[in-house]
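Chemist: First, the structure itself, so that you have it in front of you.
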Amino acid sequence: FYEERLDYITGYLEEEFSIEGELKPVQLETSDAEKGVIKINTVIPEFENNQWEGCYYTDYPITLSAIENKKSSFEGWYDASGELISNEVAIEVEVEEDNYYRAVFK
């Protein structure tokens, strides 16, 4: 129901909460969902083929947390070009044009 009415629902949300920013896609990828997953703000989304995509407003930063399994360790956050962003387990990022984050576990 919601997916078919995204434009209407987001319009109501923007009006109700005085949101002025834009709604932008955020892409998350884990190197191996068996080794670890990503929590975005307070939610651990369901990853399909180690990937997930959702939309967030540019008004608010998002918090990404790497959650490793017992037998693995977190290596770092990488951007779409493969450059290291951070080795910290949790990072706060602004929602901008390019919102791709890859958590690498080993």
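Chemist: For segment 1-30, give me the residue count where each residue is part of a helix (DSSP H, G or I) and more than 10 Å from residue 59 (Cβ to Cβ). Spell out how you get there, then give the answer.
Modeler: Residues of segment 1-30 that are part of a helix (DSSP H, G or I), as a first pass: 3-16.
Right, trim to more than 10 Å from residue 59 (Cβ to Cβ) and you get 3-13, 15-16.
Here the count works out to 13.
Chemist: Looking only at segment 86-105, count how many residues are part of a strand (DSSP E or B) and either out of contact with any Leu (no Cβ under 6 Å at 6 or more places or on another chain) or farther than 22 Å from residue 69 by Cα (or both). It would help to see each step written out before you state the result.
Modeler: Here is the first cut: in segment 86-105, the residues part of a strand (DSSP E or B) are 86, 90-93, 100-105.
After this cut, where a residue has to be either out of contact with any Leu (no Cβ under 6 Å at 6 or more places or on another chain) or farther than 22 Å from residue 69 by Cα (or both) as well, the list is 86, 90, 92-93, 100, 102-105.
So the answer is 9.
Chemist: Further, regarding this structure: Give me the pairs, please: first residue somewhere in segment 2-18 and modelled with pLDDT of 80 or more, second residue anywhere and surrounded by 12 or more Cβ atoms within 10 Å (Cβ to Cβ), beta-carbon distance under 7 Å, and either six or more positions apart or on two chains.
Modeler: Sorted first by the residue in segment 2-18, then by its partner, the pairs are 10/23; 13/19.
Chemist: Residue check: is residue 83 open to solvent by 40 Å² or more (accessible area, probe 1.4 Å), among the acidic types (Asp, Glu), touching a Gly at 6+ places or on another chain (Cβ under 8 Å) and more than 30 Å from residue 10 (Cβ to Cβ)?
Modeler: Values: open to solvent by 40 Å² or more (accessible area, probe 1.4 Å): yes; among the acidic types (Asp, Glu): yes; touching a Gly at 6+ places or on another chain (Cβ under 8 Å): no; more than 30 Å from residue 10 (Cβ to Cβ): yes.
Criteria not met by residue 83.
Chemist: Let me ask another. So which residues in segment 86-104 are without any contact (Cβ under 8 Å) to a residue 24 or more places away in the chain and surrounded by 13 or more Cβ atoms within 10 Å (Cβ to Cβ)? Even if it seems obvious, please write down each step before you answer.
Modeler: Looking only at segment 86-104, we keep the residues that are without any contact (Cβ under 8 Å) to a residue 24 or more places away in the chain, and these are 86-88, 98.
Within segment 86-104, 86, 88 meet the criteria.
Chemist: Quick one: count up the residues across segment 14-35 that are surrounded by 12 or more Cβ atoms within 10 Å (Cβ to Cβ), farther than 21 Å from residue 47 by Cβ and of a type outside the set (D, E, K, R).
Modeler: Residues meeting the conditions: 3.
Chemist: Could we say that residue 43 is touching a Phe, Trp or Tyr at 6+ places or on another chain (Cβ under 8 Å) and of a type in the set (Val, Ile, Thr) here? First the steps, then the outcome.
Modeler: Values: touching a Phe, Trp or Tyr at 6+ places or on another chain (Cβ under 8 Å): no; of a type in the set (Val, Ile, Thr): yes.
Spelling it out, it is not the case that residue 43 is touching a Phe, Trp or Tyr at 6+ places or on another chain (Cβ under 8 Å) and of a type in the set (Val, Ile, Thr).
The values are calculated or read from the model by the stated rules, or taken from the named source; none is laboratory data. What you see is a predicted model, and the numbers here were worked out from it, not measured in a lab. Every residue, glycine as well, gets a Cβ built from its backbone with ideal geometry; the counts of neighbours run over all protein chains shown. Heads up: the accessible areas ignore ligands, DNA and RNA and are worked out on the full protein's heavy atoms, side chains in. Shrake-Rupley method; radii C 1.70, N 1.55, O 1.52, S 1.80 Å.
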